[in-house]
Each structure stands twice: as structure tokens, then as C-alpha cells.
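Accompanying notes for the structure given below.
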Amino acid sequence: MIEPTYSFGSCRLFQSNCLEWLDAQPENSIHGVVTDPPYGLVEYSEEELRKRADGSGGVWRVPPSFDGHTRSPLPRFTVLTREEHEDLYHFFRLWARRLMPVMVPGAHVMVASNPLLSHIVSAALGKGGFERRGEVVRLVETMRGGDRPKNAHEEFREVTVMPKSQHEPWILCRKPLEGRVQDNLRRWGTGGLRRPSPEKPFGDVIRSAPTQKAERALAPHPSLKPQAFLRQVVRAILPLGTGTVLDPFAGSGSTLAAAEAVGYDSVGVERDPASVEIARDAIPSLAAMEVRQPVAA
């Protein structure tokens, strides 16, 4: 049995390749997944991380400023080739097939994506056996898109190359039920999403803000999501508030911290040793943070 690299409260973090880790897990042992995958076949390869570190870019958008704005390191998905899109599809289809037997019937999977790649990931998860259940839209304005043509922004001041991103799609899918939803809920505790309150259903649009500096200081990761958002979606993933939440691409542990904050058992898997070290300190600190209650749109 694989022992966790780090434990805190009700969370366990494993330093491992997520596919290998999934192969070692018992069937019907995970009740929900919330994850922000790195699309890391490209931007988190050793070569691209080196380019980000030395400022040469690669697929990473790096400082200095462009079009009047200071740039933070973020992946530029517009530079991915058709072959790299196909690689992403095959990876997520493989991941879905490895994940499927580990999930209990009716368990939901929520996967962060972006408007350029969400169709690829959604199709791959469907091919892997999951049922598409829509998207949860995180309403947030980022620095993605909205730029004038590179090196010609003065000449074409009224041109935007791509729409400025004002939302982030999170793909929502579900392992097929056993019987009716009520039957599945009674046997497995899954099949739906937890309401914020008995009177209010969980909605598919959530207002959010960029991750605050205080959180980034605790968990310096390029794609860190704010606790105010994560706690709402993590809470929703277990309809009866019981079971285990998995983040197979745990990064610096923000999903595990959110699960700890709402009182859920959680498991994370992260292959990068540097991220695991960050998570050791970040999880307790993020879980203890007081955040404003997320507001549905």
C-alpha cells in the first residue's frame, strides 16, 4: 500500500504520478473529484519550465509588460499545435478510463479548463465513460486575451486579437448511476450536488475574483485558485457531505485546503516534489484563512 507523503487533518497528499496512483486504488473508493489539471503535457515539461524560469517564454507568457500591462507567467494555450491538442485528448481519455473504476457510481468530476480547450477535455471524459453534466462558470476577469496585435499595438489600436477572458469554464461530469438518483444517494451518497442551503440550489455561475496576494504568498503556484471559490465547489461535490474528495493534480494543495476548511476527507496526488513541499506549509495556512462567502451570480 502506498503511504502518503504528507498528512494534515483529514487530508492526505501523495507524491506520485496520478495514473500510477489510480491503478493502485481500490474500486469505488472516491466520491468526488475537483481538480485544476496543468494541461501539463506541454507547459509543465522540464523544457518549458526552464524557459519560464529564465524568462525566454516558450509556451509561457512572461514579463515584461506588453500592450501597457505587466504580465504574470501564464500558459499561452494559443500556441499549442494540432498534434499537442491530440495529445491532450488522448491523455484525458486515458485519465478518465483510469479514474472511472475508482469512483463510486454517481460521483461527480469537476475539472477546470479554459474556453480554448474545454471541448477537448469534455470529449475525452465522455469517451472515457463519464456523462457530461454541463459546466460551472467561474466569472472572473483575468489578463488573458483582449490584447492588440503583438508588436503592432500602436498601429492597430482598435483591434483585439481574442476576446478578453471574463470567465473560466469548469467541466462537470458524472459516473453513471446505479438506478435512480435516490437509489444512488441511499447506497453511495452520490448522484447530485450539495445545495448551499435547503432553499437554494447549487448554481452553475459563481462570481469570483483573481486569487489574492495573501493566498499566492502562501502557495506560489501559477494557476492557484482562490479559496473563496474552491470551498464552494468542493462543498458541492459531495451531495450528502460525506465521502472522499480527490484532486489528482494537487499542485500546492489548494483543493485539499478547501476540503479541510469545509470538513471533508480529501486525497491529493502531485508528481512535482517542489509543489509537494509548498503544499506542506500551504495546506494548513490556506485552510485556516477566513474568506468571504462566495456569491452565486
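State the number of residues belonging to the stretch 260-279 that are at pLDDT below 95, among the small types (Gly, Ala, Ser) and over 16 Å from Asp36 (Cβ atoms).
1
Testing Arg216 on (1) part of a loop (DSSP other than H, G, I, E, B); (2) surrounded by fewer than 20 Cβ atoms within 10 Å (Cβ to Cβ), one condition comes back false. Which one is that?
Unmet for Arg216, out of (1) part of a loop (DSSP other than H, G, I, E, B); (2) surrounded by fewer than 20 Cβ atoms within 10 Å (Cβ to Cβ): (1).
Considering only residues of the stretch 220-242 that are small (Gly, Ala, Ser) and modelled with pLDDT of 95 or more, which is farthest from Glu168 (Cα to Cα)?
Among residues in the stretch 220-242 that are small (Gly, Ala, Ser) and modelled with pLDDT of 95 or more, the one farthest from Glu168 (Cα to Cα) is Gly241.
Restricting the stretch 155-192 to residues that are buried (at least 20 other Cβ atoms within 10 Å of the Cβ) and under 21 Å from Val121 (Cα atoms), which is nearest to the chain's Cα centre (by Cα)?
Trp170
Of everything in the stretch 240-261, what is buried (at least 24 other Cβ atoms within 10 Å of the Cβ) and either in contact with a Lys or Arg (Cβ under 6 Å, 6 or more places away or on another chain) or of a type in the set (Gly, Ala, Ser) (or both)? Give them in sequence order.
Across the stretch 240-261, the qualifying residues are Ala250, Gly251, Ser252, Gly253, Ser254, Ala257, Ala258, Ala259.
Working only within the stretch 246-297, note down all residues that are over 21 Å from Pro210 (Cβ atoms), without any contact (Cβ under 8 Å) to a residue 24 or more places away in the chain and either among the acidic types (Asp, Glu) or touching a strand residue (DSSP E or B) at 6+ places or on another chain (Cβ under 8 Å) (or both).
The answer is Glu277, and nothing else.
Give just the number: which of (1) modelled with pLDDT under 95; (2) surrounded by 14 or more Cβ atoms within 10 Å (Cβ to Cβ) does Arg97 not satisfy?
Failing condition for Arg97: (1).
Return the residues of the stretch 4-20 that are within 23 Å of Asp281 (Cα to Cα), in contact (Cβ under 8 Å) with a residue 12 or more places away in the chain and either in contact with a helix residue (DSSP H, G or I) (Cβ under 7 Å, 6 or more places away or on another chain) or not in a loop (DSSP other than H, G, I, E, B) (or both); say none if nothing qualifies.
Hits for the stretch 4-20 are Thr5, Tyr6, Phe8, Gly9, Ser10, Cys11, Arg12, Leu13, Phe14, Gln15, Cys18.
Among the residues of the stretch 268-286, what is the count of those that are β-branched (Val, Ile, Thr) and buried (at least 24 other Cβ atoms within 10 Å of the Cβ)?
Residues flagged as β-branched (Val, Ile, Thr) and buried (at least 24 other Cβ atoms within 10 Å of the Cβ) within the stretch 268-286 amount to 2.
The values are calculated or read from the model by the stated rules, or taken from the named source; none is laboratory data. Computed from a predicted structure; not experimentally measured. As a convention, Cβ positions derive from the backbone with ideal geometry for all residues, glycine included, and neighbour counts pool all protein chains shown.
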